[in-house]
1. Counting other C-beta atoms within 10 Å, which of E123, E239 has the fewest, and how do the rest follow?
2. Residue separation times 0.36 nm, minus the C-alpha to C-alpha distance between E182 and E133: what's the value?
3. What angle do you read, to the nearest 10 degrees and between 0 and 90, between the alpha-carbon axis of helix 256-272 and the longest principal axis of the chain?
4. What list of ³J(HN,Hα) values in whole Hz, one per residue of the stretch 108-122 in order, does the Karplus curve 6.51 cos²θ - 1.76 cosθ + 1.60 (θ = phi - 60°) give from phi, with Gly and Pro shown as x?
5. Taking θ as phi - 60°, what are the ³J(HN,Hα) couplings along the stretch 52-65 by the Karplus curve (6.51, -1.76, 1.60), each to the nearest whole Hz, with x for Gly and Pro?
6. If I compute Rg/Rh (Cα atoms, Kirkwood Rh) from the structure I just sent, which labelled value in [x] 0.96; [y] 1.23; [z] 1.00 lines up?
7. Can you tally the net charge around Y85? Count Lys and Arg as +1, Asp and Glu as -1, for every other residue whose Cβ sits under 15 Å from the Cβ of Y85.
8. Which of K103/K235; K161/K235; K108/K237 have a Cα-Cα distance over 25 Å?
Amino acid sequence: MCFPRRRFGFRYSTAPFFIPYNGILLDPLREVTNETRRMVQQAALLQALLESLQQRYALVVMEQPPVLADLRPFVWNAWHCQPQYTVVISLHSEEEMLTAVEKDQRRKIRRLQEQNFQLRESEDGELLYNLLEQSYRKHQRVPPLPRSHFLPFVRKLLNQKLARLFVLVNKNEPLAALLMLEDFPRSYALFSGRVLRSDASGTELFLIWQALRYYRERRFQEVYLLGAMVPSIAKIKLELGGRLVRYDRFHYFRNRWVQFLFNVGTSYLGRKRKIT
């Protein structure tokens, strides 16, 4: 999947906004029983696709899912590789899922289960943005989209049944919210936020746990808790019984001038999202 754009006279393609992966998918060629022959054919297919992209675009940014065993054509074509990680939770029986959770987190979940929390589905994008904004502010950041863009984006996802919004409520007060993308048999955690009060500590964790139970009951197989590059965030997700899964971000630059413009733009966007 490409997201073609044009700027400074260049045609380029980036990963579409908030899409978990946009990389290349190849036919597994299961009918080719010889392993060496299959790898050679897949490498030839990948080479042809990369050459086509390089002819079309001065810059390509690609989030490659972990489905290709042989990534050497990217190396041979001088693409830049940046390893990324996400956390994936397999949805087994509830007992197995709870056993996989770290002891401290399991204790928190059981304590919160004794309280009067309710899991509700919602279409209130405004509520999600307000809670998301609080969570980002805690880390001296601003949300990835301004409110004027965020609300129509979430509304369209919900209206087209591509996502589901969960809200954790106590005594009719929303404490945490979580937006999940759905692509059966997998689901992806996209946005979340919570009330920043001491008595609301652990509510976001409990909301994720409740969402895991929801999808297990509906025969989903995996939930991707997107984002595991920040140690403190990754720690919490792994303690929920997740496993670390690598994928790769690839960049292609036609020349050094294109690479320079890309680095300047990335640096500017990073500073723009910090609260000063």
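No value in this document is a laboratory result; all are computed from the given coordinates. Computed from a prediction, not measured in an experiment: that's the story for all the values here. Positions of Cβ are generated from backbone atoms using ideal geometry, with glycine treated the same way; all protein chains shown enter the neighbour counts.
1. With the sparsest Cβ surroundings first, the list reads E123, E239.
2. Working it through step by step, the gained length comes to 15.3 nm.
3. Taking the Cα atoms of the chain, the angle to 256-272 is about 10 degrees.
4. 4, 4, 5, 5, 6, 5, 7, 8, 8, 8, 10, 9, 10, 8, 9
5. 5, 4, 5, 6, 7, 10, 7, 9, 9, 10, 9, 9, 8, x
6. Matching entry in [x] 0.96; [y] 1.23; [z] 1.00: [z].
7. +3
8. Listed pairs above 25 Å: K161/K235.
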